[in-house]
1. Residues of region 326-373 being under 17 Å from LYS485 (Cα atoms) and within 37 Å of the chain's Cα centre (by Cα), which ones?
2. Could you count how many residues in region 464-475 are crowded, with 21+ Cβ neighbours inside 10 Å and within 30 Å of the chain's Cα centre (by Cα)?
3. Give region 292-336 a look and list any residue that's closer than 27 Å to ARG93 by Cβ, part of a loop (DSSP other than H, G, I, E, B) and in contact (Cβ under 8 Å) with a residue 24 or more places away in the chain, or say none.
4. I want to confirm something. Restricting to region 515-539 and keeping residues that are at pLDDT 90 or above and charged (D, E, K, R), which single residue is nearest to ALA479 (Cα to Cα)?
5. Would you mind finding the one in ILE282, ILE276, ILE213, ILE272 that is of a type in the set (Val, Ile, Thr), touching a residue at least 12 places away in the same chain (Cβ under 8 Å) and either over 28 Å from LEU168 (Cα atoms) or not in a helix (DSSP H, G or I) (or both)?
6. Could you run through region 135-174 and say how many residues are part of a helix (DSSP H, G or I) and of a type in the set (S, T, N, Q)?
7. Among the candidates ARG215, ARG221, ARG293, which residue alone is farther than 30 Å from TYR43 by Cα and loosely packed, with under 14 Cβ neighbours inside 10 Å?
8. When you check ALA6 against the structure, is it surrounded by fewer than 13 Cβ atoms within 10 Å (Cβ to Cβ) and assigned to a helix (DSSP H, G or I), yes or no?
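The values are calculated or read from the model by the stated rules, or taken from the named source; none is laboratory data. Being a predicted model, the structure only gives us computed values, none of them experimental. Note: ideal-geometry Cβ built from the backbone for every residue, glycine included; neighbour counts use all protein chains shown.
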Amino acid sequence: MRAILARLFSRPVLGFELLVATLFANALALAAPIFVIQVLNRYVAFGVDTTLATLTAGAVIAVVFEFGFRRVRLKLAQRAAQPFDDRAAETARNALLRTPFAVFSMFTDRARFQAASGPDTIRSAYGAANMLVMLDVPFALLFIGVLALLSPVLALIASGFAVAILLLGIVGQAMLRTPAGTLERTGAIRQKLTQSAIRAADTLRLFDTAGYIERRWRQSRAESDTAQASFSSNQDFISTVTQTLQSLLTVTMIAVGGYLVVQGPLDVGALIGANILAARAIMPLGRLAGIQRAFAVAAQSRLVLDELETVQQERRGGVELSGYTGAVSLKDTAFVYPGQRAPVFEHLSVDVAPGQTLAISGPNGSGKSTVAQLITGLRTPTRGNILIDGTDLEQVSPEWWRRQISYLPQEPKFLPGTVRENLLAANPALDEAGLNALIAAAGLGPFINASTDGLDMEVRNGGDHLALGIRRRLALARALAVGGKILIVDEPTEGLDEEGRALVYATMNTHAQKGGTIIACSFDPNIIKGAEWVVDLSSKPEPRVTRLPRPTNMGVGLQPRVSEAGE
């Protein structure tokens, strides 16, 4: 409820206009009970047709104006809600797109799920329609006040029922909060399991892990069913009690009002009008009790989005070096993953001059990809510095730095869209000739030509439907599209056939011949022997750094060399 009140009064002028429109709308709603009273007491009693016509015309005009004011205030409420909806969407978008990679990788599944779905949940619960329900609640006093003019006793009865329904709404939200949280959490778990079943369909079948997924699914479903049963039971209880109170109000009003009519203080017209006024008084309170489910679910989403709003966002702006040469230096660098005791490595120092190649070797899990992520800026060293042309990477503009890097990841993922769109996302300036040149350089020509859609072939599920060799070639084309001074490749030849490996070697050689710097995370001997520097991460905790003579080429046919240190 506080969230809706904040939306209503965040902009004082707009809030005032909303209050005025609501006042007029509710005041005009008095026309119906007044019309009933007047028809019964004046027309029925005296039978003057002009009186009926006048009263009817006045009531119709009031209804039309009430409709107009309610439409106006809906537009005003939408304007009041829009900035909050935009803010929630921006928070979610920033969490998904602008949170530093190191922070985002620590997000729970719940946080990621809420970042994706939370804004829609919040907009549905705290939208203009429900804002107006909240705004109508205080005007229940208006109907009770007019009712008091007809009969203080009946007004007191209506007030008691109104307070009971209002308290029920407050208690109801508390009753729904816990099961709503469980439903949201189990929903995130099932979404993750669903994604696994879709994206790892081959693994699920080849390793017969369907049973594991099914057990997790049933466990989550059982917990969800229990929470849903509790949620539905509580919601039904709130709804049933609300309807019961409304029915009891009608019975009490008619019973007490009938007694007053017989005793003389009240006439029949006033009795019927009083009953209408009482019903209008508790109508917004009943609607308020009915939307507690939406409030309870949205409250969970709001909590998560509030947490995400405090998360550090990726740094924007910084130094942009003119004439960057491609030099990269790691100075006494160390890295420890959060929650881990042992560092991945420490005291790593190496100076890669422009045009040189740095090979980072070591077994799987030794930290090769971590070093690549540090140099790309995806992660920050726990200790030490990374310098580019002598400037600390922490001072450099991330946007500018990424334009200097052509990156080929170990497990390439792609954006939803076509091959063309994925390449243009990396470099929007590419024309058709440039796109075709990239396809040829990556060896994708036969694959693209075999497709009826060509460059407009759809890439689905991050590219998981493509063969590994095709994914890597497409990732190579994307890396080349950037045209960065530094080429960073992570296990570039892993899983490739001889032709694919030769293509990678040729690409690296071409980049080196153009004076570009190469950083290769690989245990491929043909890549290692083509480097000036080799960092061996199998040496723990301090990697072994070896300087090799300047190679002439890279790839098959090169002879192993002896380092200057005699190793």
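1. Matches in region 326-373: GLY326, VAL328, SER329, ALA372, GLN373.
2. Initial filter on region 464-475 (crowded, with 21+ Cβ neighbours inside 10 Å): 472-475.
Then drop every residue that is not within 30 Å of the chain's Cα centre (by Cα), which leaves 472, 474-475.
Total meeting the criteria: 3.
3. VAL311, GLN312, GLN313, GLU314, ARG315, ARG316, GLY317, GLY318, GLU320
4. Going through the qualifying residues, I end up with GLU532.
5. Details: ILE282 fails: either over 28 Å from LEU168 (Cα atoms) or not in a helix (DSSP H, G or I) (or both); ILE276 fails: either over 28 Å from LEU168 (Cα atoms) or not in a helix (DSSP H, G or I) (or both); ILE272 fails: either over 28 Å from LEU168 (Cα atoms) or not in a helix (DSSP H, G or I) (or both).
ILE213 is the lone residue from the list that is of a type in the set (Val, Ile, Thr), touching a residue at least 12 places away in the same chain (Cβ under 8 Å) and either over 28 Å from LEU168 (Cα atoms) or not in a helix (DSSP H, G or I) (or both).
6. First pass over region 135-174, keeping only residues part of a helix (DSSP H, G or I): 135-150, 152-174.
Checking which are of a type in the set (S, T, N, Q) leaves us with 159, 173.
Of the residues in region 135-174, 2 are part of a helix (DSSP H, G or I) and of a type in the set (S, T, N, Q).
7. Result of the check over ARG215, ARG221, ARG293: ARG215.
8. On the way: surrounded by fewer than 13 Cβ atoms within 10 Å (Cβ to Cβ): yes; assigned to a helix (DSSP H, G or I): yes.
Yes; evaluated as a whole, the condition is true for this residue.
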